[in-house]
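Remarks on the structure that follows.
Bear in mind these aren't lab numbers, they're just calculated from the coordinates by the rules spelled out. Not measured: the values here are computed from a predicted model. Every residue, glycine as well, gets a Cβ built from its backbone with ideal geometry; the counts of neighbours run over all protein chains shown.
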Amino acid sequence: MRIESRLAQIGSIKEPVTGAVSFPIYQATAFRHPKLGESTGFDYARTKSPTRAVLEEAAAELESGDAAFACSTGMAAVQTILTLFSQGDHLIVSLDLYGGTYRLLEQVMSRFGVSASYVDTNDMDALAAACRDNTKALLIETPTNPLMMITDLAKVCGWAKERGLLTIVDNTLLTPYFQRPLELGADIIIHSATKYLGGHNDVLAGLIVTKGKELSEQIAFLHNSIGAVLGPQDSWLLMRGMKTLALRMERHQHNATVLANYLQEHPAIDEVFYPALPSHPHHHIQNAQSSGNTGIFSFKVKDARYVEPVLRHIRLIAFAESLGGVESLMTYPAVQTHADIPLEIRQQVGVDDRLLRFSVGIEHVDDLIADLEQALEAARLEIEGA
Ligand SMILES: *Cc1c(COP(=O)(O)O)cnc(C)c1O
């Protein structure tokens with residue numbers, strides 16, 4: 001069955017008693033045992049819970065994995081994965097990383113003796129140079145955020161496999177609708193399901209999807225041991241959001257492509273970072289390994305003085321820090337999402353004071369253009385009047 005149909009039907013044939021088309025919220029933490037030594041399959045909800053189980057089964061199947069684990073947030077999913085590693089282990093991680101993952105590695109995991117090197121994961125020489133005897137895994141974001149750099153997943157997963165390294169891919173920005181890294185050789189997928197999968201800026205959630213029996217059992221153990229699991233109501237909200245993922249992603253992609261082209265031609269804009277644009281340096285890799293493009297992109301204004309008034313004058317587009325929801329949001333990475341990344345790393349990748357990130361929603365694209373146009377014009381008048 002095609003992915004659109006599988007998404008729309010999540011949970012709809014799983015409720016055997018009433019036939020409810022929307023899978024119910026099982027708000028229970030404990031489950032009665034039929035008799036000594038017997039279980040219904042559910043014992044205690046941290047380990048396994050019915051609503052969460054339906055979500056997890058759907059997530060595993062959508063990502064072509066063997067098992068999935070729903071977590072309380074995206075960061076809980078990242079943390080659960082990072083506890084696969086022990087004191088003395090080293091990771092190679094994408095440069096231009098999500099700020100929260102960077103903070104977790106540098107300010108938390110470092111205290112437990114797990115270290116990381118940040119490299120452009122598309123640069124084979126840089127990867128080889130970063131690889132040490134104690135390197136255990138590669139953690140990749142593709143596209144990266146905010147600069148939208150793409151990693152050639154098949155090539156890099158192959159490289160990692162030859163060296164016995166695990167490949168972990170954060171697939172938040174593309175979702176399994178557009179990209180399935182496990183099919184390209186990755187071992188583990190993580191998601192901030194708070195973003196496109198949930199899609200409505202109303203639920204925090206994370207997902208882990210694994211390939212292979214041993215790895216799946218290891219993560220099941222860690223997921224239950226750590227306990228940062230997703231509750232039944234949030235599991236239901238996430239499934240409800242995922243049912244419309246295909247429609248939303250198509251619209252996000254359409255709107256983002258129109259807006260990226262519009263901004264690229266705008267006199268106040270210097271550069272637009274979006275892999276759907278043929279001018280993007282990794283455009284061909286993105287097209288080869290994914291069936292579409294995300295709904296977020298970044299752009300640099302010509303003059304940093306535009307930033308403050310643009311963020312003040314946008315009306316339909318909200319000045320807010322998240323991405324992947326139906327509502328358009330704009331953020332200023334240097335002082336918000338990426339503030340925890342040291343200045344020299346930010347400068348190395350290009351997250352500077354002229355960069356804005358735009359999570360394009362599903363509003364009508366003409367209304368979004370009109371809002372940007374009036375905000376840029378108001379900003380220009382203020383700057384020139386000053
Ligand atoms: C938001 C985000 C996270 C963290 O997820 P939360 O749900 O906010 O905890 C991790 N990775 C990426 C790429 C993200 O965008």
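For this structure, a couple of remarks:
- Rounded, prolate or oblate (a/c below 1.5 giving rounded, otherwise prolate when a/b exceeds b/c) for the range 275-386 by Cα gyration tensor: oblate
- Alpha carbon centroid spacing (whole Å) that separates the range 90-127 from the range 283-352: 21 Å
- Nitroxide proxy distance, nm - points 7 Å out along Cα→Cβ at Met1 and Gln336: 3.7 nm
- Computed over neighbours whose Cβ is under 14 Å from that of Ala20, the net charge equals +1, Lys and Arg +1, Asp and Glu -1.
- Net charge over other residues, Cβ less than 12 angstrom from the Cβ of Pro342 (K, R count +1; D, E count -1): -1
- Here the Karplus relation 6.51 cos²θ - 1.76 cosθ + 1.60, evaluated at θ = phi - 60°, turns the backbone of the range 296-307 into coupling constants of 10, 8, 10, 8, 10, 6, 5, 10, 4, 5, 6, 4 Hz, with x for every Gly and Pro.
- The phi-based Karplus calculation (6.51 cos²θ - 1.76 cosθ + 1.60; θ = phi - 60°) puts the 3J(HN,Hα) values of the range 193-207 at 6, 4, 8, 5, 4, x, x, 10, 6, 9, 8, 8, 6, x, 9 Hz, whole numbers, x for Gly and Pro.
- The chain: DSSP helices with Cα axial extent of at least 24 Å and average Kyte-Doolittle hydropathy no lower than -0.5: 245-264, 365-385
- Put simply, the Cα atoms of the range 86-129 extend 29, 23, 9 Å along their principal axes, the longest span coming first.
- Among the trypsin sites (Lys or Arg not before Pro) in the range 290-364, those located in a DSSP loop and surrounded by at most 16 other Cβ atoms within 10 Å of their own Cβ are Lys302, Arg315.
- The per residue volume of the convex hull around the alpha-carbon atoms of the chain is 143 Å³.
- Radius 13 Å from Cβ of Gln87, net charge of other residues (Lys, Arg +1; Asp, Glu -1): +1
- Extreme residue, positive dipole direction of the chain, given options Leu311, His282, Asn145 (C-beta unit charges): Asn145
- Protection-proxy order for peptides 196-206, 140-150, 123-133, each taking the mean of Cβ atoms within 10 Å per residue, highest first: 140-150, 196-206, 123-133
- The stretch between Asp270 and Asp366, if pulled fully straight at 0.36 nm per residue, gains 32.4 nm over its current Cα-Cα span.
- In the chain, the DSSP beta bridges split such that about 55 percent are antiparallel, to the nearest 5.
- The listed peptides 218-224, 254-260, 23-29, 290-296, ordered by packing as a protection proxy, come out as 290-296, 254-260, 218-224, 23-29 (highest mean of other Cβ atoms within 10 Å first).
- For Thr167, residues with placed amide H under 5 Å, excluding near neighbours: Leu138, Asp187, Ile188
- Tail beyond 27 Å, pair distance distribution of the range 121-266 (Cα, percent): 32 percent
- Share of pairwise Cα separations in the range 218-358, more than 28 Å, in percent: 32 percent
- Between Ala375, Ala186, Ala288, the GNM of the chain built on Cα springs shorter than 10 angstrom shows Ala288 fluctuating the most.
- Across the range 318-375, the volume of the C-alpha convex hull divided among the residues equals 84 Å³ per residue.
- Each of Gln9, Ser22, Leu104 was placed along the dipole of the range 1-125 (beta-carbon charges, centred on the mean Cα), and the one lying farthest toward the positive end is Ser22.
- Among Gln107, Gln79, Gln264, the largest mean-square fluctuation in a Gaussian network model of the chain, built with springs joining Cα atoms closer than 10 Å, belongs to Gln107.
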